[in-house]
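**Q** What follows is a structure written as structure tokens; I'll ask about it next.
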Amino acid sequence: MANHKSALKRIRQIQSRKLHNRYYAKSMRNAMKNFRQLTDRKEAEEKLPTIVAMIDKLAGKRIIHRNKAANLKSKLSRKVNAL
């Protein structure tokens with residue numbers, strides 16, 4: 001266990017950031033899961049920009065790595081083109 005006040009504070013800060021990051025990462029994963037189940041190309045093309053923006057925002061805040069964000073966006077665009 002931590003012996004210093006500052007270490008205890010860091011533990012509290014890390015815990016709150018972890019919960020915050022987990023929430024946004026999970027909401028992105030749920031949005032992607034729903035997007036992959038779409039079968040209508042027009043609907044997928046309408047929803048693609050919002051999901052791409054969500055992924056870019058998470059990469060900008062370093063919740064996910066920028067290369068992972070690029071890979072996810074690539075897979076989503078391939079999905080839309082395949083429809």
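FYI, it's all coordinate maths here, none of it is from the lab. Keep in mind it's a predicted model, so treat the numbers as computed, not measured. Cβ: placed from backbone, ideal geometry, glycine included. Neighbour counts: every protein chain shown.
**Q** To the nearest µm²/s, what D does Stokes-Einstein give for the chain at 4 °C and 1.567 mPa s, using the Kirkwood radius over alpha carbon pairs as Rh?
**A** 90 µm²/s
**Q** Restricting to DSSP loop positions (anything but H, G, I, E, B) with no more than 12 other Cβ atoms inside 10 Å of their own Cβ, which trypsin sites (Lys or Arg not before Pro) remain in the chain?
**A** Within the chain, the qualifying trypsin sites (Lys or Arg not before Pro) (loop, at most 12 other Cβ atoms within 10 Å) are K61, R62.
**Q** Among the listed pairs K26/K68; K5/K61; K9/K61; K33/K68; K26/K75, which have their C-alpha atoms separated by more than 24 angstrom in this model?
**A** Listed pairs above 24 Å: K5/K61.
**Q** Continuing with this model, one more query. HN-Hα J couplings of segment 10-22 from phi, Karplus 6.51/-1.76/1.60, θ = phi - 60°, integer Hz, Gly and Pro as x?
**A** 4, 4, 5, 5, 4, 5, 5, 5, 4, 5, 4, 5, 4
**Q** So which lysines pass the test for K42, namely a Cα distance under 16 Å, with those fewer than 8 places away in the same chain ruled out?
**A** Within reach: K79.
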